[in-house]
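The values are calculated or read from the model by the stated rules, or taken from the named source; none is laboratory data. Quick caveat: nothing in here was measured; it's all calculated off a predicted structure. Cβ coordinates were reconstructed from backbone atoms using ideal geometry, including for glycine residues, and neighbour counts include every protein chain displayed.
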Ligand code: HEM
């Protein structure tokens with residue numbers, strides 16, 4: 001056990017001067033961190049440059065971090081991207097734990113994410129899903145079936161829905177269209193980029209050469225211009241007839257009698273979070289679930305039968321029907337287990353010294369929880385843990401609300417994702433409808449060229465190559 005002045009530190013892989021353990025991370029850190037944890041254990045101490053980073057790779061240790069010490073580990077590290085774009089963490093996801101964070105989160109829940117609000121967007125979801133189905137029908141009904149870029153269609157769906165519920169209208173497909181999708185995906189990619197200068201200031205020139213700094217400036221500017229326009233449109237609009245999320249935020253902002261003053265910039269940052277946290281994760285989930293279903297035709301068939309047994313005569317599967325489909329719910333859980341959209345969750349940082357499994361952890365140590373590794377751990381999930389097997393959830397009460405640390409795709413504790421209800425409402429009904437109406441085949445040509453399971457890099461993991469597939473009428 002490594003010790004320094006009677007301080008007991010967790011096991012650490014060998015590190016080199018200046019860069020620490022950075023050379024041991026690949027472009028897919030969840031994978032390389034799991035390999036390291038198989039040698040060094042479920043609690044390892046790494047150094048990114050000089051910054052100590054704790055890597056958690058078992059449900060047992062995750063429990064101690066996110067439950068036993070939840071409050072001491074409820075802050076987020078402040079990175080350069082967070083500093084620049086999220087105003088040093090004045091949004092929800094990167095705010096330090098405390099009153100400001102509580103108020104910001106509560107504004108999101110009360111005005112957008114609670115069950116009642118989520119239910120009230122059902123019509124919007126239905127209209128947008130139907131629009132996507134029309135596009136799929138056109139592609140599948142032509143005499144020579146044409147492939148569709150399913151990743152692109154799902155991106156448009158999730159973006160348009162969040163635009164409509166949060167901003168009151170869509171910004172795609174109109175004369176004054178704004179490429180929100182592009183801004184959001186560029187930012188998602190930036191958050192996942194490894195800013196070398198962050199950890200090794202003397203090497204910050206590398207980030208400049210990689211164009212990281214420039215991309216950051218650009219995306220910040222573009223989103224800011226977009227939000228300026230959204231806010232102006234809302235301020236100019238006839239208030240009698242509208243009450244979307246931005247309207248509600250503006251009302252809170254104007255109300256100077258409340259205890260919490262929502263600054264103009266904070267309003268924008270809330271919208272940033274809803275877009276980023278809401279679209280990137282949901283898109284990644286849908287993309288990978290469809291990929292796994294196409295790779296597992298048996299599971300696809302059972303799913304189609306499950307959907308048809310409950311929604312036999314209706315053209316459109318409703319949300320109520322989707323909730324009753326046991327196999328569909330099992331598919332959702334299995335995809336969240338095997339392909340958690342945020343495999344390393346969102347990093348945290350210790351605000352106080354703690355003892356963890358007998359080791360001394362200093363305040364300021366960052367924490368990465370490798371949910372991807374935990375959810376593939378053979379000691380809890382069995383020898384077929386790497387396999388896509390929705391059946392494993394059929395007779396199980398296990399859910400993803402953060403109580404069971406073997407399954408934490410949305411995190412747990414104080415910082416658990418507040419968008420579980422929002423995303424659950426959308427993913428079930430989307431999958432049910434596209435799987436009921438169409439038979440799906442991957443574009444084999446594309447599969448040969450690119451491995452169909454290649455992951456892109458980032459905090460949220462998309463497919464590296466878009467999912468191109470042939471829908472045919474089912
Ligand atoms: C499949 C979809 C989603 C997944 C897998 C996901 C996953 C996560 C994870 C892992 C965290 C960090 C939790 C932790 O630190 O313990 C998180 C935080 C967060 N998520 Fe989600 N999320 C999803 C959808 C959404 C949606 C739809 C929204 C809102 C529209 C949302 C809003 C947020 C926010 C605001 C936070 C920060 C919470 C905080 O730091 O207090 N998420 N999410």
Next on the checklist: Can you find a residue that is outside any helix (DSSP H, G or I), modelled with pLDDT under 95 and within 30 Å of residue 224 (Cβ to Cβ) anywhere in the range 26-40?
Outcome noted: yes
Checklist entry - Only one of (1) farther than 29 Å from residue 453 by Cβ; (2) without any contact (Cβ under 8 Å) to a residue 40 or more places away in the chain is not met by residue 41, so which one is it? => result (1)
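Of the residues 54, 112, 71, 86, which single one is over 30 Å from residue 212 (Cβ atoms), buried (at least 20 other Cβ atoms within 10 Å of the Cβ) and under 23 Å from the mean Cα position of the chain (by Cα)? Explain how you work it out, then say what you get.
Details: 54 fails: over 30 Å from residue 212 (Cβ atoms); 71 fails: buried (at least 20 other Cβ atoms within 10 Å of the Cβ); 86 fails: over 30 Å from residue 212 (Cβ atoms).
Result of the check over 54, 112, 71, 86: 112.
Go through 352, 387 for me and flag whichever is closer than 15 Å to residue 54 by Cβ and away from the ligand (no atom under 16 Å from the Cβ). Before you say what the answer is, go through the steps one by one.
Numbers: 387 fails: closer than 15 Å to residue 54 by Cβ.
It is 352.
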Checklist entry - Restricting the search to the range 333-344, which residues are within 16 Å of residue 283 (Cα to Cα) and assigned to a loop (DSSP other than H, G, I, E, B)? => result 339, 340, 341, 342, 343
Next on the checklist: So for the range 49-56 (the condition being more than 22 Å from residue 371 (Cα to Cα) and in a helix (DSSP H, G or I)), does at least one residue qualify?
Outcome noted: no
Next on the checklist: Can you tell me which residue is farthest from the ligand (Cβ to nearest atom) among those in the range 272-317 that are buried (at least 16 other Cβ atoms within 10 Å of the Cβ) and not in a helix (DSSP H, G or I)?
Outcome noted: 311
Next on the checklist: Quick check on the range 72-98: of everything there that is within 13 Å of the ligand (Cβ to nearest atom) and outside any loop (DSSP other than H, G, I, E, B), which residue is farthest from residue 423 (Cα to Cα)?
Outcome noted: 73
Checklist entry - How about the range 426-460: which of its residues are within 16 Å of the ligand (Cβ to nearest atom), touching a helix residue (DSSP H, G or I) at 6+ places or on another chain (Cβ under 7 Å) and modelled with pLDDT under 95? => result 458, 459, 460
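Enumerate the helices (runs of 4 or more DSSP H) found wholly within the range 131-209, keeping only those where 1 or more residues are touching a helix residue (DSSP H, G or I) at 6+ places or on another chain (Cβ under 6 Å), crowded, with 19+ Cβ neighbours inside 10 Å and modelled with pLDDT of 90 or more. First the steps, then the outcome.
Values: elements: 150-162, 180-192, 196-199.
Hits in the range 131-209: 150-162.
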Item to check | Condition met for residue 354 (touching a residue at least 12 places away in the same chain (Cβ under 8 Å), crowded, with 22+ Cβ neighbours inside 10 Å, closer than 30 Å to residue 75 by Cβ and touching a strand residue (DSSP E or B) at 6+ places or on another chain (Cβ under 6 Å)) | outcome: no
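Go over the candidates 383, 427, 434, 468 one by one and state the one that is without any contact (Cβ under 8 Å) to a residue 12 or more places away in the chain and more than 14 Å from residue 342 (Cβ to Cβ).
On inspection, the qualifying residue turns out to be 383.
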Checklist entry - Yes or no: residue 415 touching a strand residue (DSSP E or B) at 6+ places or on another chain (Cβ under 8 Å) and either under 20 Å from residue 347 (Cβ atoms) or surrounded by 15 or more Cβ atoms within 10 Å (Cβ to Cβ) (or both)? => result yes
